[in-house]
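First comes the structure, then the notes that go with it.
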Amino acid sequence: MRRWLEEGAGPKVAAALLSVTSFPPAVLAQYSSDFESIVATPAAGTLLTGQDLFYNPIAGSLDYDAFTYTGNAPGFAANANGGAQFVAGTNLAALARAQRDIPYGTWTGAWTAGVDCAVLFQGTVPASNNIGSFSLQPSTSARIFIMLARWSSTATAANWNADFVYYDAGGVQVTTLVPNTGFQNLTVNHWYRWETDWDFDTNRVLEVRLRDLTSGTVVRHNPTDWYLQGGPGPTFGGFALPTAFRFFTGGGTVITATNVMAFDNVSIRQRPKLDLSYAMDQVTKTATLAVDGGPPGGAALFFFALGTMPPFYLPGGSLSIEPIRLDILTLNSFGGFAIGPSGTGSAAIPYPTSIGLYNLYFQGAVLSAAGADVMNAVGGAQNGTGPTNYGVISYNHKTGRWEIDVVAPAGTTVDVVRVDLLGMEVLPAISSTTVPASGTLSLSGEVSSTLAFGEKVRLKLNGVTFREVNG
């Protein structure tokens, strides 16, 4: 277990309900494959079609093949994130495709698709776009997007771009560069992890990110107006939910323009919600901590304190949770409650009789049924006499995802930064933005890798450290 939640100073809110999202207690719809269980060969490869329910969706298309990294005929370099095998498609005057249906679940809520990928050019320049793609299917009738690989310059085929096909609010298809230069001029024969987050309830693309699997560097883009095919609801243009995903290698039908695209470690998974919420009402003088979507048989803990003193570590006692750091003067409450079979539970938290000039802190954590794993954590702070604003930050140490909620004056600068073991901020910021006119801001993202012990994710408001979560 890691030491992972650390409090900072913060201002006031009269009545607040904040909820952060983490990963699921229940089994969710998902598909993943590292291609280690299929038949693969080094030289010509072995047909992917017919293995693991993959098929060739269009007559006349070439098939994808399964290769071993060792001695593979296309000449792809080893993948630092890979095992022994991968799949690839080569355009030999015909397009190559491999498709797989997803025979489970209901396509609702937030999802993530990700795949390791690399590209090669084995022909005579000029090359021909597109190199290849990963997409939801069927493209003619479903709510889909396309992660599209294109040559930065077809004259040289020396580098490539991780582009994107989305749909605007009017449902019009848009093929575009991702507005972050980290998605452009990528290295040929080099492995990247390419991921997209989206939400079927809103039909919106939430985030696109790319991780260099050698350096670990991550770049991301969080669009506000990118949609899946059909645009925003409620009818989504009449387009149905997707039923499959597809690997594709393109480049036209010119025999000298030979594009090759390889994939490994494909994953499509639902991103369920575990809500740990805190509500405080200064009118009724009540406070409540509640869990929805938690692990049945698990537990929720809460720590509630007034404080101005320097921080110290509060041990978790018999519950086997790592120490939690609090800025504390008076510990008002330290307790917990069981999460029922429905995944819900709540408890009243003693409300302080006088906040005065002190800072009021709360922290909550959700534990798995075994009590040996922290699934989610939240924390917030408010000042009894300050302006109405607060912040909360959550970090999921298993997935590397962070989430924040901020209530602050419009224009307040909000930065999320990764802090290394020595306490130095790692620049550039993971995320940097300002609070909009509404006065509320919610952000989420992912650090380049899960934090090591002692590393942190830090939330700053107007340059002042407000909260930190330890890895």
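The values are calculated or read from the model by the stated rules, or taken from the named source; none is laboratory data. None of the values given here were measured: they were computed from a predicted structure. Glycine also receives a Cβ, built like all others from the backbone with ideal geometry; neighbour counts cover every protein chain displayed.
Scan region 125-168 for residues that are among the β-branched types (V, I, T) and more than 21 Å from W194 (Cα to Cα) and jot them down.
Across region 125-168, the qualifying residues are V125, T140, T154, T156.
In the set T156, T140, T176, T108, only one residue is closer than 22 Å to A77 by Cα and surrounded by fewer than 19 Cβ atoms within 10 Å (Cβ to Cβ); that residue is T156.
Within the bounds of region 184-192, is there any residue that is among the hydroxyl-bearing types (S, T, Y), modelled with pLDDT of 95 or more and assigned to a loop (DSSP other than H, G, I, E, B)? Can you show your working first?
Step one: list which residues in region 184-192 are among the hydroxyl-bearing types (S, T, Y), which gives 187, 192.
Those still in the list that are modelled with pLDDT of 95 or more too: 187, 192.
If we keep only those that are assigned to a loop (DSSP other than H, G, I, E, B) as well, we get none.
Looking through region 184-192, none of the residues is among the hydroxyl-bearing types (S, T, Y), modelled with pLDDT of 95 or more and assigned to a loop (DSSP other than H, G, I, E, B).
Going through A93, A78, A66 one at a time, which residue ends up being within 20 Å of D34 (Cβ to Cβ) and surrounded by fewer than 21 Cβ atoms within 10 Å (Cβ to Cβ)? Give the steps one after another, and end with the answer.
On the way: A93 fails: within 20 Å of D34 (Cβ to Cβ); A66 fails: surrounded by fewer than 21 Cβ atoms within 10 Å (Cβ to Cβ).
Unique residue meeting the criteria: A78.
Is it true that T214 is in a loop (DSSP other than H, G, I, E, B) and surrounded by 15 or more Cβ atoms within 10 Å (Cβ to Cβ)? Judged against the criteria, T214 is not a match. Confirm whether V87 is out of contact with any strand residue (DSSP E or B) (no Cβ under 6 Å at 6 or more places or on another chain) and in the same structural domain as T49 (by TED's automatic domain parsing). Considered against the rule, which asks whether it is out of contact with any strand residue (DSSP E or B) (no Cβ under 6 Å at 6 or more places or on another chain) and in the same structural domain as T49 (by TED's automatic domain parsing), V87 comes out as no.
May I ask you to list the residues in region 41-58 that are under 31 Å from the mean Cα position of the chain (by Cα) and either assigned to a loop (DSSP other than H, G, I, E, B) or β-branched (V, I, T) (or both)? Those that are under 31 Å from the mean Cα position of the chain (by Cα) and either assigned to a loop (DSSP other than H, G, I, E, B) or β-branched (V, I, T) (or both): L48, T49, Q51, D52, L53, N56, P57. With respect to (1) surrounded by fewer than 16 Cβ atoms within 10 Å (Cβ to Cβ); (2) touching a helix residue (DSSP H, G or I) at 6+ places or on another chain (Cβ under 9 Å); (3) of a type in the set (S, T, Y), the lone exception for Y167 is condition (1).
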